[in-house]
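Student: The structure's right below; bear with me while I get my questions together.
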Amino acid sequence: MSYNPGTYHVLVRVTADNANETSALGTLEALRPARLEVNAYVNMTPSTGDYFKISVKVHNKGDTSAEEVIISIDLSLAEGLRLIPLEESVRKLGKIGGGSFEHCGWYLQAVKPGVYPVKVKATSLNAGEDYVIVLVNVVSKG
């Protein structure tokens, strides 16, 4: 028996001392478990004072649903960036079906020139976690 995803045909045979033998052919569908993949990007080079968006795609690469997906942004090493007012660092995406994806993002403000690492992480009850580091290059205005 293989452990690869796919459709498998199985024959079940039942025997007993006090009954006739019986058998049945059935089909078994083996699915890949839920697995998250995070991609994030910034489509501009912000100058100090600029507002910009980090766009995120969370893809469930498995066949089964990823349950209670939560995505977060970590700016702890990015002292030259900040979330705009009313933005939350954690988002609840809920369920992501097998093979499906969700888009989201955060709006930030560039406050100081430099190159800053921003960590974006997705977690789930049953699909583990994945993260990506986005380097944001903030240039001086002028």
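The values are calculated or read from the model by the stated rules, or taken from the named source; none is laboratory data. Computed from a prediction, not measured in an experiment: that's the story for all the values here. Here the Cβ positions follow ideal geometry from the backbone for every residue, glycine too, while neighbour counts run over all protein chains shown.
Student: Taking the options LEU93, LEU77, name whichever one is modelled with pLDDT of 95 or more and either of a type in the set (Val, Ile, Thr) or closer than 16 Å to VAL138 by Cα (or both).
Tutor: Going through LEU93, LEU77 in turn, just one is modelled with pLDDT of 95 or more and either of a type in the set (Val, Ile, Thr) or closer than 16 Å to VAL138 by Cα (or both): LEU77.
Student: Further question on the same structure: Take the conditions buried (at least 18 other Cβ atoms within 10 Å of the Cβ), under 30 Å from GLY6 (Cα atoms) and modelled with pLDDT of 95 or more and apply them to ALA66. Does it pass?
Tutor: yes
Per-residue answers, yes or no, for (1) farther than 17 Å from VAL90 by Cα; (2) β-branched (Val, Ile, Thr); (3) assigned to a strand (DSSP E or B):
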| residue | (1), (2), (3) |
| --- | --- |
| ALA24 | yes, no, yes |
| THR27 | yes, yes, yes |
| ARG32 | yes, no, no |
| MET44 | yes, no, no |
| VAL58 | no, yes, yes |
| THR64 | yes, yes, no |
| ILE70 | no, yes, yes |
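Student: Could you tell me which numbered condition LYS112 fails, if it satisfies all but one of (1) of a type outside the set (Gly, Ala, Ser); (2) in a strand (DSSP E or B); (3) under 30 Å from VAL139 (Cβ atoms)?
Tutor: That leaves (2) as the condition not met.
Student: For the range 9-55, how many residues meet the condition of being β-branched (Val, Ile, Thr), closer than 30 Å to VAL138 by Cα and in contact with a Phe, Trp or Tyr (Cβ under 8 Å, 6 or more places away or on another chain)?
Tutor: 3
Student: Give just the number: which of (1) surrounded by 14 or more Cβ atoms within 10 Å (Cβ to Cβ); (2) out of contact with any Phe, Trp or Tyr (no Cβ under 8 Å at 6 or more places or on another chain); (3) in a loop (DSSP other than H, G, I, E, B); (4) not aromatic (Phe, Trp, Tyr) does ALA78 not satisfy?
Tutor: Among (1) surrounded by 14 or more Cβ atoms within 10 Å (Cβ to Cβ); (2) out of contact with any Phe, Trp or Tyr (no Cβ under 8 Å at 6 or more places or on another chain); (3) in a loop (DSSP other than H, G, I, E, B); (4) not aromatic (Phe, Trp, Tyr), the lone unmet condition for ALA78 is (2).
Student: Might you check whether a residue that is surrounded by fewer than 14 Cβ atoms within 10 Å (Cβ to Cβ) and either in contact with a Gly (Cβ under 8 Å, 6 or more places away or on another chain) or farther than 19 Å from ILE133 by Cβ (or both) occurs anywhere in the range 48-57?
Tutor: yes
Student: Let me ask you something else. Kindly list, by first and then second residue, each pair from a residue in the range 57-74 that is touching a residue at least 12 places away in the same chain (Cβ under 8 Å) and farther than 24 Å from VAL42 by Cβ to a residue that is crowded, with 16+ Cβ neighbours inside 10 Å and of a type in the set (Ser, Thr, Tyr), limited to pairs with Cβ atoms under 9 Å and residues at least 6 apart or on different chains.
Tutor: What qualifies is ALA66/SER124; GLU67/SER124; GLU68/THR123; GLU68/SER124.
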